[in-house]
1. So B:L86 fits all but one of (1) outside any helix (DSSP H, G or I); (2) crowded, with 16+ Cβ neighbours inside 10 Å; what number is the exception?
2. Consider B:L92 carefully, then state whether it is more than 14 Å from chain A (Cβ to nearest Cβ), part of a helix (DSSP H, G or I) and open to solvent by 30 Å² or more (accessible area, probe 1.4 Å).
3. Quick one: is B:V209 among the β-branched types (V, I, T), at pLDDT 95 or above and over 30 Å from B:F169 (Cα atoms)?
4. What tally of residues in the range B:102-120 results from selecting those that are at the interface with chain A (Cβ under 8 Å from one of its Cβ atoms) and open to solvent by less than 20 Å² (accessible area, probe 1.4 Å)?
5. Before we move on, is B:Y51 at pLDDT 95 or above and among the aromatic types (F, W, Y)?
6. Please determine, by comparing only the residues of the range B:151-183 that are hydrophobic (A, V, I, L, M, F, W, C) and open to solvent by 80 Å² or more (accessible area, probe 1.4 Å), which one is farthest from B:L257 (Cα to Cα).
7. Does the range B:203-214 contain any residue that is away from chain A (no Cβ under 12 Å), among the aliphatic types (A, V, I, L, M) and either touching a residue at least 24 places away in the same chain (Cβ under 8 Å) or not in a loop (DSSP other than H, G, I, E, B) (or both)?
8. Right, A:F116: of a type outside the set (K, R) and in the same structural domain as A:C207 (by TED's automatic domain parsing) or not?
Amino acid sequence: MPGATFRIWRGDAAGGAFADYSTEVTEGMVVLDAVLRIQAAQAGDLAVRWNCKAGRCGSCSAEVNGRPRLMCMTRLSELPLEQPVTVEPMRAFPRIKDLACDVGWNYEVKKRIRPFKPRPPDAPDGTWRMAQADVERVQEFRKCIECFLCQDVCHVLREHAKHQEFIGPRYFVQVAALEMHPLDAEDRLAELGQTQGIGFCNITKCCTRVCPENITITDNAIIPLKERWIDRHYDPIRRFLGWLRLKGGAGSGP
Amino acid sequence: MPDAVLPLPEPRRFGETQRRDVWWLAPLGTFIVLLAFVLYSTWAAFQGDHYAWGPYLSPFYSPELFGYSQHSWFGPKPVWWPSWLLFSPALLILWAPGGFRLTCYYYRGAYYKGFWADPPSCAVGEPRKHYLGENSFPLILQNLHRYFLYLALLFILVLAGDVWKALWFSDPATGRTTFGLGVGTLVLAVNVVLLGGYTFSCHSLRHLVGGCLDVVSRAPIRCRAYRCVSCLNRRHMLWAWASLFWVAFSDIYVRMLSLGLWSDWRFF
């Protein structure tokens, strides 16, 4: 049975280093299989977070050979096994131990996004009507499994630590899902620039590249939000037309 | 936002990464190709000569508002033009398509990586600690992209008109104008198709035609337009590069004809 070397980061918030482990690999194995085999046979104290092993829970996010990936969805057959495979925790979040890091900041950010606020019901029985053309755009965003790989690869968080001024791609997807929802009546555009920092995104598309659910984060969520923000702040023509429309509407009312 | 500063690992040094692939190849390619295009187009714009041949007009010089070729809209160089300032018809108009590309969402991501290493590539260490993004001057001006889009749409109409004019050839001996088709006509036609694909796949256009609406189904024409632009938008990068190459090639083709180095092959 062929073997491979895994260079796994061991340590905690105070610091750490890579340690090499050799293990056998078999056909169909993924990186998480190898890490769990090492944990079972060689390093019983190795901390690793995992749950479904099927790419649905988003728990086993890590950096494999420098790329943010789900360990359970990264087949060893995709990697060059003649060199050690590096496995390290995500760099955009505080480290707890070994491959486990504290992603709690994300949940704090989520609490600050204005929730769904539906418009008044369309029918007397208190229900709404929606066309498929209107909901299909936001359905893509509902695929998110909150693995936070997009947050990890975003250089605004990872390299510049703008966690206090920037909510990151995952939460722009969340804002877009709410803001573009055909039933939603809440206005979230004011916060986009002021406290959520959409202006920090410089459209590198790294978030889109690492998304295991293939959500087109930059093109379908972030850029449309930027454009809506521009409507509000940088487009006097649209503002003037909107004002005229409002004035016309007010004048023609009862 | 949460108030506490997160205890993160030390940022990596410039270029430091655990990635094993040739991550520097794409930003280097962007740097080389975009720099070559900027240098060539600047040189071509300042020439002010050899930009037209017969019915063909270089797209770098179209529309020729003032100039000395038969394509000029308002005659030769205006008398009010300062004598100390170099005159070239391209300098009057090239800022508009240049601004459209400079503020394009795709190119922004590409040249931030290729020219500023901000970041050099995904998950690779950066050279600077300080970062303002597009929040302050000058990068906040990127938000003017939609105004350049409005101008770019007008340019597509003008360039389509140039293709029509490139179908009519004048016989220098008799002065008669006849319908014809040359390689140059095809070069200019492909140029319009590629520039049109690039312009109509623009993210700002996608927003303006229907993306700005939450209930787009109530506006069926806008709904169709949104779907069409979204379809083109999926290949925006491809349109961007193909149109960039071809617009430069179109100028080279017309320039070579004008210099007498190439000859135009006529189909009929």
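The values are calculated or read from the model by the stated rules, or taken from the named source; none is laboratory data. Not measured: the values here are computed from a predicted model. Here Cβ is always computed from backbone atoms with ideal geometry, including for glycine, and neighbour counts include all displayed protein chains. These area figures cover heavy atoms from the full protein model, side chains too; ligands, DNA and RNA do not enter into them. Shrake-Rupley method; radii C 1.70, N 1.55, O 1.52, S 1.80 Å.
1. It is condition (2) that B:L86 fails.
2. yes
3. yes
4. 5
5. yes
6. Only one residue fits best here, namely B:L154.
7. Scanning the range B:203-214 turns up no residue that is away from chain A (no Cβ under 12 Å), among the aliphatic types (A, V, I, L, M) and either touching a residue at least 24 places away in the same chain (Cβ under 8 Å) or not in a loop (DSSP other than H, G, I, E, B) (or both).
8. yes
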